[in-house]
1. How do 71, 39, 243 line up, fewest other C-beta atoms within 10 Å first?
2. I need the peptides 275-285, 213-223 ranked by packing, meaning the mean over residues of other C-beta atoms within 10 angstrom, with the highest value on top.
3. Take every Cα pair under 8 Å in the stretch 216-345 that's 6+ residues apart, average their separations, divide by the length, and report that relative contact order as a whole percent.
4. For the stretch 201-268 and the stretch 145-182, write down the distance between their C-alpha centroids in whole Å.
5. Packing-wise, with mean Cβ within 10 Å as the measure, how do 119-130, 172-183 rank, highest first?
6. Summing -39500 (n - 2.57) over the DSSP H runs of n ≥ 4 in the chain and dividing by its residue number, what mean residue ellipticity at 222 nm do you reach, to the nearest 500 deg cm²/dmol?
């Protein structure tokens, strides 16, 4: 087994050293004795302080574990990203954590930025975790003594410092793009509310200055063509891109666009390239465009609509328009009549075109930020693979 990573900063050539986790960490025995109040409760899921605490009584806070900066905590929940559970480093300041979580304290001062990445990296930590956990129905339980006997490869403190600083800068850049993406999405959500009339009104709050006429309320089925889906027989489903693309529901759409996932040899109901695809089963109301000719499963409907209609359907989902059809039912769904009778507001063709173009530019900006963010996240994943052993 190699003891040097594929990619290193200049000046570092020594092998990484094999160390027992028990040499690096010890069991955290510190309990909260009137040091911290509920507002210093740390959420292990987000590694943020929860001002409201966990709903624990003041008297029970004395049983909570004190988590100092640099301490690590084990969360045994399995997820898509962490198949065996995960460790997180406290890098937000001293606080307290529920006693049900296993926490450890470094035996000496360590570069927190490095360990935040290293101890949370599953390709490295899965072996120590698997070899020292009891499998549970909801979450794995860490066996402390077994865990501390496990070994990992560790670089020098100097190399830890430079690696940690590098990934901290990369994380800051990722966070910046996440905020930019979030800001544009919030802007779009706000403008959807303002540029389409509110319920019962005929004039939107924000409007291009050249348009003054009142909007007209119409039924969706009076304005667009609608095709309800019909699922092919499951034995005709394939994974061959040469067959017909099948759209069954929300799982086949991402960021407002159809993403091929399943194919079929049987053609039932069809939608053409450029049509809008509406989810008619839980979650109802999700809307996307298709860049392909597709077969429609029963979980969707196709709508022959322009960009204006696409954005208005997006607003209807945003404000919970379709929720009324699922109240009291065990399975959320809408039918052909629900869709055809849906009330929409219609303006002149020129205003529709201008509104559609405005929101399309916002969507393009969202896509741009999304791609930048995904690129940075992929870059980080690749660098972790090359800079860690």
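FYI, it's all coordinate maths here, none of it is from the lab. Computed from a predicted model, the values in this text were never measured in an experiment. Cβ atoms come from the backbone with ideal geometry, glycine included; neighbour counts cover every protein chain shown.
1. By the 10 Å Cβ count, ascending, the order reads 39, 243, 71.
2. Packing proxy ranking, top to bottom: 275-285, 213-223.
3. 32 percent
4. Result: 42 Å between the Cα centres.
5. Result, highest mean Cβ count within 10 Å first: 119-130, 172-183.
6. About -10500 deg cm²/dmol.
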